[in-house]
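The values are calculated or read from the model by the stated rules, or taken from the named source; none is laboratory data. Everything quoted here is computed from the prediction, not taken from an experiment. Counting neighbours? That spans all protein chains shown, and the Cβs are built from the backbone with ideal geometry, glycine included. To get the accessible areas, we keep the full protein, side chains included, count just its heavy atoms, and leave off ligands, DNA and RNA. Shrake-Rupley method; radii C 1.70, N 1.55, O 1.52, S 1.80 Å.
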Amino acid sequence: MPTTDLGTSPLVGFDLDMTLIDSRPGIKAVYDELAARTGVAIDSDLVVSRLGPPVEVELGHWFAASDVPEMADLYRALYPDLAIERVRPLPGAAVAFEAVRARGARLAVITAKNTADAARHLDHLGLRADEVRGRAWRSGKADALRELGAVAYVGDHVHDMEAAQLAGVPGLAVSTGPCTPAELAAAGASRVVGSLEELPAVLDAVWPPRAVA
């Protein structure tokens, strides 16, 4: 059960893939199965080296535009059985959640992944969020951050930092995904850390205690 007042307490948003979880083994398995079923040669190692955008964007590199919707449906149908068990949390994920909870705040996961699979990952790994918003990317993430009243957004991609800027909240970047610290800083990150293990130590600098009064 949530331990915070959902009506008045502030909220911190988190991205999912390569921010909270190392989803590469699961996603690679799904793309390998797609390749086997369709006969299309897909470099799944290349795919998982550039995670972040919605699956339709990546599928567009391998399939004709007219086939992408069907392939996206197949990808999502395959995903639960092939990906969930293969995925582990990134170092510091649980610690970061605990640090936010300790401030009396809510947690939302806002991700390009569909909501059902995002929730499956969180449940499987014991990471509890008050809200899960899927199928959101860049401006869509910004819309969710504004709607939920977020005070910060934690992510690994330059578009996560752009989403935070669009929403008018600090973007806290972790360099655990495809983007370098320099790229994240250039995209507007308020702070860049090497992993979520470092997040508790920098929260005060970007999220004043008065925000959780």
Looking at region 151-171, which of its residues are of a type in the set (A, V, I, L, M, F, W, C), under 17 Å from Val48 (Cα atoms) and open to solvent by less than 20 Å² (accessible area, probe 1.4 Å)?
none
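Say we look at region 104-117 and pick out the residues that are open to solvent by less than 30 Å² (accessible area, probe 1.4 Å) and without any contact (Cβ under 8 Å) to a residue 60 or more places away in the chain; which of these is nearest to His159 (Cα to Cα)?
Quick first cut of region 104-117, residues open to solvent by less than 30 Å² (accessible area, probe 1.4 Å) only: 105, 107-114, 117.
Next, only the ones that are without any contact (Cβ under 8 Å) to a residue 60 or more places away in the chain stay: 114, 117.
Numbers: Asn114: 17, Asp117: 21 Å.
Only one residue tops the list, namely Asn114.
When the residues of region 53-80 are narrowed to those that are among the small types (Gly, Ala, Ser), open to solvent by 40 Å² or more (accessible area, probe 1.4 Å) and part of a helix (DSSP H, G or I), which ends up nearest to Ala112 (Cα to Cα)?
Ala77
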From the set of residues in region 1-25 that are modelled with pLDDT of 80 or more and of a type in the set (Asp, Glu), which is nearest to the chain's Cα centre (by Cα)?
Asp15
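Among the candidates Arg138, Arg120, Arg133, Arg101, which residue alone is surrounded by 16 or more Cβ atoms within 10 Å (Cβ to Cβ), closer than 19 Å to Val202 by Cα, of a type in the set (Lys, Arg) and in contact (Cβ under 8 Å) with a residue 12 or more places away in the chain? Full working, then the answer.
Numbers: Arg138 fails: closer than 19 Å to Val202 by Cα; Arg120 fails: closer than 19 Å to Val202 by Cα; Arg133 fails: closer than 19 Å to Val202 by Cα.
Result: Arg101 is the single residue among Arg138, Arg120, Arg133, Arg101 that is surrounded by 16 or more Cβ atoms within 10 Å (Cβ to Cβ), closer than 19 Å to Val202 by Cα, of a type in the set (Lys, Arg) and in contact (Cβ under 8 Å) with a residue 12 or more places away in the chain.
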Kindly check whether there is at least one residue in region 152-159 that is in a helix (DSSP H, G or I) and among the hydrophobic types (A, V, I, L, M, F, W, C).
yes
From the option list Val55, Val158, Val109, Val100, single residue qualifying as at pLDDT 95 or above and closer than 16 Å to Val12 by Cβ is Val109
Does Gly92 satisfy the condition of being in contact with a Ser or Thr (Cβ under 8 Å, 6 or more places away or on another chain), within 16 Å of Asp156 (Cβ to Cβ) and among the small types (Gly, Ala, Ser)?
yes
All positions within region 191-203 that are under 21 Å from Glu98 (Cβ atoms), open to solvent by less than 60 Å² (accessible area, probe 1.4 Å) and at pLDDT 95 or above:
Val193, Gly194, Ser195, Leu196
